[in-house]
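Structure record follows, encoded as structure tokens.
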């Protein structure tokens with residue numbers, strides 16, 4: 001495919017991501033849902049308010065199991081010097097464990113704890129509930145199309161990573 005078509009696809013894909021951000025995952029709406037929903041979420045956020053950088057690390061580890069601190073910093077665009085306090089805070093709240101890399105003990109690796117998976121499950125349930133309400137406004141045909149295209153789009157996007 002020529003470069004002009006690739007640029008056009010990149011523009012369309014970015015537009016799609018902005019539409020998702022503005023129509024589905026509006027940060028202000030999500031924060032309200034988290035604060036007013038689930039007992040797990042209320043208890044957690046009262047005990048440990050989470051900065052966006054902390055949430056990014058947790059979401060990254062959800063898909064990569066364990067990673068070195070340097071690798072997390074690099075992939076998330078967070079300065080390595082900022083990673084230590086982020087990881088320490090997550091350890092303090094029982095969301096991650098640090099351990100030496102079995103192949104190179106100089107490298108520290110980080111993995112999620114059961115508490116983090118429980119928290120992520122609660123977050124996912126709240127997001128899913130919100131999404132189900134929005135999806136219920138679509139016709140049967142639109143839902144079928146969305147299902148088919150979402151599966152295909154997911155497969156393609158996974159190849160980009």
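The values are calculated or read from the model by the stated rules, or taken from the named source; none is laboratory data. Because the structure is a prediction, the values reported are computed rather than measured. Note that each Cβ is placed from the backbone with ideal geometry, even for glycine, and that neighbours are counted across all protein chains shown.
Among residues of the stretch 65-87 that are without any contact (Cβ under 8 Å) to a residue 12 or more places away in the chain, those with a beta-carbon under 7 Å from a residue that is surrounded by fewer than 18 Cβ atoms within 10 Å (Cβ to Cβ) and in a helix (DSSP H, G or I) at least six positions away or on a different chain give the pairs 73/80; 80/70.
Every condition in (1) part of a helix (DSSP H, G or I); (2) modelled with pLDDT under 85; (3) in the same structural domain as residue 104 (by TED's automatic domain parsing) is met by residue 82 except one, and the failing one is (2). Return a yes/no flag: does the stretch 59-70 have any residue that is surrounded by 11 or more Cβ atoms within 10 Å (Cβ to Cβ), over 18 Å from residue 116 (Cβ atoms) and at pLDDT below 90. No, every residue in the stretch 59-70 fails to be surrounded by 11 or more Cβ atoms within 10 Å (Cβ to Cβ), over 18 Å from residue 116 (Cβ atoms) and at pLDDT below 90.
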